[in-house]
Each structure stands twice: as structure tokens, then as C-alpha cells.
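Everything on this sheet refers to the single structure shown next.
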Amino acid sequence: MSGTVPSGKGPAGGTHAERASYYGRPVVKAPPWEHDIPAYMFAGGLAAGSSLLAAGADLTGRPALRRVGRLTSLGALGFSMAALVHDLGRPARFLNMLRTVKLTSPMSVGTWILSGYGLPAGIAAAAEASAALGLRRGPFRLLAALGRPAGIAAAVTAPPVAGYTAVLLSDTAAPTWHESYRELPFVFCGSAAAAAGGLATALVPMSQAGPARRLALGGAVAELVAEHRMEHRLGMLAEPLRTGTGGKLMRAARALTAAGAALSLVAGRSRVAAVASGAALVAGSVCTRFGVFQAGMDSAKDPKYTVGPQRERLERGEPVRYRG
């Protein structure tokens with residue numbers, strides 16, 4: 001539905017400055033998504049960041065880091081796809097989305113991005129697994145030869161996998177998501193880098209984990225800065241990110257991400273610090289996705305987050321329309 005915010009008296013005699021909407025009903029409809037979706041977004045970001053690490057490790061002679069990156073990307077991608085299919089209800093619905101390409105639809109574009117990333121990521125992980133099992137004859141020789149180019153292809157397609165879910169959320173009518181379009185891709189990409197770097201830091205020998213520690217630290221800083229700027233710019237639409245369940249999750253995300261970043265500075269000298277850093281960064285990334293998800297859903301359910309910002313724009317003389 002679409003329309004403009006009315007002015008004057010409400011049906012019960014109160015002005016719209018006093019009433020959030022007619023009879024307090026939501027103005028926009030919340031997306032029919034469950035908590036499979038933030039799990040899907042987190043796992044996709046972890047897979048993407050791990051593919052980037054694996055490709056760099058392959059090119060710089062760090063076999064342990066390459067192995068962890070490739071296998072993590074496959075496991076995270078599998079979990080992400082399972083969560084998405086569970087939300088859709090049956091696998092056929094995902095396959096049906098591949099029947100068309102709609103460039104104006106983030107869901108359609110995202111489906112193709114995910115599919116284009118999944119094939120090379122799977123080949124690279126299969127090559128790594130076959131090498132670890134000592135399978136090098138016949139078709140496994142060809143698979144081994146495809147490992148590096150497939151890993152590089154996965155790394156090239158990884159950044160869109162990490163960021164397109166932010167575009168997907170921003171394209172909805174949920175007020176907090178919709179107005180976060182500038183910073184949310186940076187929040188999600190930074191979170192993905194922090195999680196992937198943190199997990200690799202915890203699992204890889206310290207002698208080979210240098211790139212993972214640097215990726216974790218850079219991703220954590222990028223996420224924290226982008227999230228701070230997002231909340232500052234959103235004004236009242238940042239309230240769902242600070243209150244309720246969404247606020248609790250976002251505060252936990254900031255604390256865990258900051259702690260993980262600090263520990264990453266000493267993770268090269270302490271195995272305990274490396275594991276603690278990785279655990280904190282992965283947990284922080286999970287909280288970020290679930291916190292942003294909950295905040296957006298809450299903003300769609302409370303009409304004041306639709307009517308309030310539009311009223312402010314009307315007072316400034318700006319044209320206002322809403323979508324739902």
C-alpha cells in the first residue's frame with residue numbers, strides 16, 4: 001500500500017502529534033520472516049569472509065589457514081542454505097527463484113549471487129578435503145587442479161554475499177532497516193570479516209594466523225564505526241537498536257566485538273587469547289545479525305517509527321510517502 005501521512009484531527013479527536021496512527025495500528029506490514037533469516041545472514045557472512053581468507057592463504061603459502069578457510073566456508077554455506085530453505089518451507093521455492101533474473105529485486109539478485117558463490121566455494125572445499133584424505137588419482141587430480149582457481153572465484157564473489165543481505169533488509173518498508181541503507185552494508189561486511197578472521201584465529205596455528213588476526217581486527221573496527229554512525233544518523237529510528245530485545249543484542253554485540261578486537265592484538269602471542277578472541281568475535285557477529293533483525297521487526301510493528309519521522313519531514317516542507 002502507499003499513501004501520504006494525513007494532517008489535522010484524528011478520528012477520536014486527538015491530533016496526530018498525540019497519536020502515532022489511527023487507532024494505534026501499524027502503518028506498514030512486518031516481513032513474514034522468522035529467526036532462520038538472521039541465522040542465514042550470519043552464516044553467509046562467515047562463509048564469505050572465510051573464502052577471502054582461504055584464497056589469500058593459498059596465494060601466500062599458508063596451508064593450515066587455507067584449509068580452515070575453505071572448510072569453514074563450505075560448512076557455513078551449508079548451514080546458511082539450510083536456514084534459508086527452512087524459512088522458505090521447501091527447497092523447490094529456492095529453485096523457483098532461479099527461473100528468472102529481476103535486477104530490481106535484491107532477493108532475486110541475492111539468490112543468483114549465492115548460487116554463483118556456492119559452486120566455486122564447494123569445489124575449493126572438495127579439493128581441500130580430497131587432499132587431506134590423500135586422494136590424488138583419477139578425478140581427484142583434476143579436482144586438485146581446480147582448487148586454486150575455484151578458491152579465487154569464491155573470493156571474488158564473497159563480498160557481495162556478505163553485503164547483499166543488508167540491501168535486502170534496506171529494501172523493505174520496515175523503518176529502521178529502510179533508513180539504514182547507507183551504513184548497514186558496512187556493518188554486515190565488517191561483521192562478516194570479524195567473524196571469519198576470529199574463527200580462523202582460534203583454529204589456525206599462530207604462525208599462520210597473522211592475516212586472520214588482521215582481518216578480524218579490521219572487520220571489528222569497521223563494524224563498530226559503521227554501527228555508531230548508523231545509530232547517530234537514524235535519530236528516533238535508532239530506538240529499536242537501543243531498547244528491548246534488539247537493544248540488548250546490539251549492546252552485547254558491541255561489547256563482544258570490542259573485546260574480541262582487543263584480544264586479537266595479543267592473540268599472536270597467546271593461544272588462550274586467540275581462542276577467546278575468536279569466540280568473542282563470532283558471538284558478537286551473531287548478536288549483530290539478530291539484533292538488527294529484531295530492531296527492524298520492532299520498528300515495523302510500532303506505528304510511531306513510520307508516522308513520527310514522516311511528520312518531521314512534513315514540518316520541514318519535504319514530500320513524504322510511505323511504502324508497505
Between residue 275 and residue 29, what is 0.36 nm times their sequence separation minus the Cα-Cα distance? Round to one decimal in nm. 84.4 nm
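So, by mean Cβ neighbours within 10 angstrom, what's the order for 34-40, 194-200, 121-127 with the highest one leading?
On the way: 34-40: 18.7, 194-200: 33.0, 121-127: 23.3.
Going by the mean number of other Cβ atoms within 10 Å, highest first, we get 194-200, 121-127, 34-40.
Quote the FRET efficiency, to the nearest 0.05, computed for residue 96 versus residue 243 with a Förster distance R0 of 45 Å and r equal to the Cβ-Cβ distance.
Numbers: r = 38 Å, r/R0 = 0.85.
That gives a FRET efficiency of 0.70.
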With x for Gly and Pro, the residue-by-residue ³J(HN,Hα) of region 81-92, computed from phi through the Karplus equation 6.51 cos²θ - 1.76 cosθ + 1.60 at θ = phi - 60° and given in whole Hz, is 5, 4, 5, 5, 5, 4, 5, 5, x, 7, x, 4
May I ask you to compute the full-extension gain from residue 136 to residue 59, defined as 0.36 nm times their residue separation minus their alpha-carbon distance, rounded to one decimal in nm? 25.7 nm
In nm, to one decimal, how far is the modelled label at residue 214 from the one at residue 144, with both set 7 Å along Cα→Cβ? 3.0
As computed over region 165-224, the Cα convex hull volume per residue (Å³): 69
What's the ranking of 179-189, 290-300, 261-271 by average number of surrounding C-beta atoms within 10 Å, highest first? 290-300, 179-189, 261-271
For region 106-154 the trypsin sites (Lys or Arg not before Pro) that pass both the DSSP coil test and the at-most-16 other-Cβ-within-10 Å test are 136, 137
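A short reminder: the numbers here are calculations on the coordinates, not readings from a lab. Predicted model, so just to flag it, every value in this text is computed and none were measured. Note: ideal-geometry Cβ built from the backbone for every residue, glycine included; neighbour counts use all protein chains shown.
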